[in-house]
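Structure first, commentary second.
The values are calculated or read from the model by the stated rules, or taken from the named source; none is laboratory data. It should be emphasised that the depicted structure is a prediction, and the values quoted were computed from it without experimental measurement. Using ideal geometry, Cβ is built from the backbone for each residue, glycine included, and neighbour counts are taken over all protein chains shown.
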Amino acid sequence: MVDVTDVTDEMFEDSTYGRYRWLVRPVSIVGVYALMFASIAVWYDPETASRVEWFGLDVYLLEWISLLSVLIVVLVVGPAVARRPTAVRRFLVRFARDRVALVALLVLCWVIAMAFYGEFVVGREVQFDPAVSHNPPVGFSAEFWIPNTCVGTESDGSCYGTLEHPLGTDRSGRDISHAVTQGILTSLQVGVSTAVIAGGLGTVVGVTAGTLGGRVDDVLMRLVDVVTSVPAFFAYVLVMMALATGRTHVLLVLLFGLFSWGGFARLVRSEVLRVKTEQYVESARAAGAGNLYVVRYHVLPNVTTGVFVPIVTLVPIYMLAEAALSYLDLLHTHAYTVSLGEEIADGFDQPYGYWWYVWWDAVVPAVALTLLILCIFLVGDRINELVDPRES
């Protein structure tokens with residue numbers, strides 16, 4: 001039997017990797033953020049569609065930023081979910097019993113699947129055929145004189161929709177179902193990417209201010225005041241005017257991400273201050289724990305309940321901002337992008353004088369955007385229970 005006095009560090013296999021293993025994830029997250037901003041600085045070109053050409057990769061810059069944003073989300077959420085299999089099972093059971101949330105999740109998955117189907121199966125190339133413009137959706141009809149050429153059947157002076165164009169066609173003859181799926185993908189890319197940038201900046205500033213306090217807190221809160229005093233919308237418009245042709249989705253993601261994290265930082269700071277007053281944190285400090293230990297083991301795991309839902313809420317807010325700017329013609333869509341806001345605006349701008357003659361041009365994109373935002377809100381509210389440590 002080994003005497004207690006013979007116990008050494010080697011018996012616990014205290015390796016260098018073991019001591020610094022916890023740094024792998026935060027360093028990886030910071031590295032992905034650095035790669036994202038470096039990519040924008042290197043490949044952003046307001047005159048073109050901005051393509052990333054790196055190690056044989058050739059994609060559009062907006063897609064590249066979206067992929068990096070999803071990677072950041074996986075790095076942040078993935079390990080937390082993997083460490084709590086019991087909580088995950090309990091959550092899935094509760095989620096399955098909530099019919100509203102379950103339906104919202106299924107609809108959201110279906111919408112996203114259709115968006116990726118349009119991206120990778122149908123392709124980005126949009127077919128314009130003015131000869132078949134303004135054909136109605138399946139199950140509806142339009143006056144015979146509205147479509148240039150009726151693709152479906154004509155009866156009693158009306159043109160009926162066909163499965164060839166299940167959601168109808170717009171005034172350019174473009175299939176609306178294809179345009180909507182592309183628009184949904186663009187909205188998701190903009191919403192997730194911008195929320196990741198704003199959420200990351202707000203989290204770093206809020207945690208730092210709340211943990212260190214004192215002069216650091218004062219300086220960071222004054223910085224927050226400066227950021228919140230400059231609305232992201234006006235920052236985008238000013239930079240767009242300065243660049244002349246800078247009405248791009250990448251510029252929207254960057255500026256809205258850099259100028260809309262102030263309120264989120266205040267929320268994170270308030271959550272950190274709340275956690276710092278808990279008895280387990282005071283006990284840790286009484287035992288000699290430093291700021292780094294408190295942040296790692298107590299602050300970050302326990303502020304998720306107060307910040308996860310706001311981050312998810314940011315996604316539809318930025319999606320609405322993108323649609324609004326496109327609707328106002330303040331956002332330029334290249335040949336490879338489709339904006340639901342631009343589709344809605346084109347639907348209301350009809351040569352017939354009354355948009356309801358071809359109502360599907362505006363209504364279908366509007367319904368798709370509303371459905372997508374509603375599902376994100378409902379699902380995000382339920383997912384909050386999954387990452388809440390107090391639900392364990």
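Here are some notes:
- Selection status of TYR318, more than 30 Å from CYS375 (Cα to Cα) and touching a residue at least 12 places away in the same chain (Cβ under 8 Å): no
- LEU188 meets all of the listed conditions (1) modelled with pLDDT of 85 or more; (2) crowded, with 17+ Cβ neighbours inside 10 Å; (3) more than 22 Å from SER260 (Cα to Cα) but one, namely (3).
- Evaluating ILE311 against the criteria (1) modelled with pLDDT under 85; (2) assigned to a helix (DSSP H, G or I); (3) closer than 21 Å to ALA115 by Cα leaves one unmet condition, (3).
- Helices (runs of 4 or more DSSP H) wholly inside region 198-296 containing at least 2 residues that are without any contact (Cβ under 8 Å) to a residue 24 or more places away in the chain and charged (D, E, K, R): 214-228, 279-286
- Considering region 151-166, the residues that are assigned to a loop (DSSP other than H, G, I, E, B) and either among the small types (Gly, Ala, Ser) or crowded, with 16+ Cβ neighbours inside 10 Å (or both) include one that is farthest from the chain's Cα centre (by Cα), namely GLY157.
- Long-range neighbours under 9 Å by Cβ, at least six apart or interchain, first residue touching a residue at least 12 places away in the same chain (Cβ under 8 Å) within region 96-119, second surrounded by 12 or more Cβ atoms within 10 Å (Cβ to Cβ) and aromatic (Phe, Trp, Tyr): ALA101/PHE95; ALA104/PHE377; LEU105/PHE95
- Those strands (runs of 3 or more DSSP E) lying entirely in region 46-150 with at least 1 residues touching a Cys at 6+ places or on another chain (Cβ under 9 Å) and at pLDDT 85 or above: 141-143
- Checking each residue in region 210-231 for being modelled with pLDDT under 90 and among the hydrophobic types (A, V, I, L, M, F, W, C) picks out LEU212, VAL230.
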